[in-house]
Amino acid sequence: MGKPKVKKMLFILSKSTLDSVYATFIMANGARAEGIECEIFFTFFGLDVIHKKRMKDIHIATVGNPGLHIPNIVGGLPGVEHLVSKMMMKQMEKLDIPPVDEFLEILSASGVKLWACKLAMEMFNLEREDLIDEVDGILTVGDFYTRMDDQNIHVLFV
Amino acid sequence: MEKVLAGQTVQVDQEGYLIDPNQWNEEIARAIAAEEGIELTPRHMAVVKWIRETALSGKPLSIRTVKKSGVVDIKEFYQLFPGGPLKLSTKIAGVSKPKSCL
């Protein structure tokens with residue numbers, strides 16, 4: 001096992017469901033741990049994750065999620081989504097996986113660049129001050145492509 | 001396999017991590033660090049010693065453990081050991097490579 005040949009990982013996070021968010025965060029943190037540069041571009045519902053208020057309400061989808069193995073009709077009952085999310089967060093805390101706000105702090109301090117999508121910001125009527133301080137900037141798609149300024153840069157859409 | 005570090009013969013695994021943490025001393029730490037292109041300062045050594053104590057006490061090492069350590073913050077950790085701080089610091093500290101995904 002030699003040194004990784006990937007230079008940079010660019011993640012596009014377009015969802016705010018807990019599983020998508022954590023998969024991205026853990027992959028991003030792992031990239032930095034291997035000495036790989038890393039950036040995350042938050043677009044569409046992914047913007048919730050860096051939204052000061054909405055980030056506190058990141059949860060798992062209990063309807064239309066076959067991975068949970070519960071019938072949709074049960075998943076749709078009041079409180080089920082909250083309960084399942086809480087159980088999953090508890091399990092993650094046991095494994096020392098940080099909550100969303102702390103994870104973003106860690107990623108930012110580790111050198112992961114956090115970008116917000118300009119068009120999605122306009123669509124949802126968001127301003128810079130709605131987003132957490134760790135966000136490095138608001139980018140257009142064109143700006144984002146300029147982040148691919150070298151060879152061995154990979155893009156993952158989540 | 002055997003390897004000579006700072007004039008002392010030690011057992012290392014394929015990636016160069018010491019197999020027996022008791023074979024570690026500060027000269028060996030300096031020699032491993034030099035191979036990784038790092039010159040150990042007192043700051044490095046403080047972190048390396050904390051890594052060693054934590055790992056040898058059986059606690060899992062992750063970036064969050066580092067954040068809570070009170071010895072070093074994450075920014076400085078990445079500055080001190082660029083290119084994979086947990087992997088590098090554990091190697092220099094003479095303990096095994098962290099197995100966690102975090």
Top-ranked residue in the range A:94-115 [being among the charged types (D, E, K, R) and open to solvent by 40 Å² or more (accessible area, probe 1.4 Å); ranked as farthest from residue A:137 (Cα to Cα)]: A:94
When the range A:130-153 is checked residue by residue, the ones that are in a helix (DSSP H, G or I) and in contact (Cβ under 8 Å) with a residue 40 or more places away in the chain are A:130, A:144
The lone condition residue A:82 fails out of (1) part of a helix (DSSP H, G or I); (2) within 14 Å of chain B (Cβ to nearest Cβ); (3) of a type outside the set (Phe, Trp, Tyr); (4) in contact with a His (Cβ under 8 Å, 6 or more places away or on another chain) is (2)
Please state which of the following conditions residue B:19 fails to meet, knowing it meets all the rest: (1) surrounded by 15 or more Cβ atoms within 10 Å (Cβ to Cβ); (2) more than 14 Å from chain A (Cβ to nearest Cβ); (3) under 30 Å from residue A:5 (Cβ atoms); (4) out of contact with any Leu (no Cβ under 9 Å at 6 or more places or on another chain). (1)
From the list B:69, B:96, B:57, B:62, exactly one residue is among the hydroxyl-bearing types (Ser, Thr, Tyr), over 22 Å from residue A:102 (Cα atoms) and surrounded by 14 or more Cβ atoms within 10 Å (Cβ to Cβ). Which is it? B:96
Sole miss for residue A:26 among (1) open to solvent by less than 40 Å² (accessible area, probe 1.4 Å); (2) within 10 Å of the chain's Cα centre (by Cα); (3) under 29 Å from residue B:84 (Cβ atoms) is condition (1)
All but one of (1) closer than 29 Å to residue A:36 by Cα; (2) free of Cβ contacts under 8 Å to residues at least 40 places away in the same chain hold for residue A:110; which doesn't? (2)
In this structure, is residue B:30 modelled with pLDDT under 95 and either under 28 Å from residue A:92 (Cβ atoms) or open to solvent by 40 Å² or more (accessible area, probe 1.4 Å) (or both)? no
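The values are calculated or read from the model by the stated rules, or taken from the named source; none is laboratory data. All figures in this text were calculated on a predicted structure; none of them were measured in a lab. We place every Cβ from the backbone using ideal geometry, glycine too, and count neighbours over all the protein chains shown. Quick note on the areas: whole protein, heavy atoms, side chains included, nothing else; ligands and nucleic acids left out. Shrake-Rupley method; radii C 1.70, N 1.55, O 1.52, S 1.80 Å.
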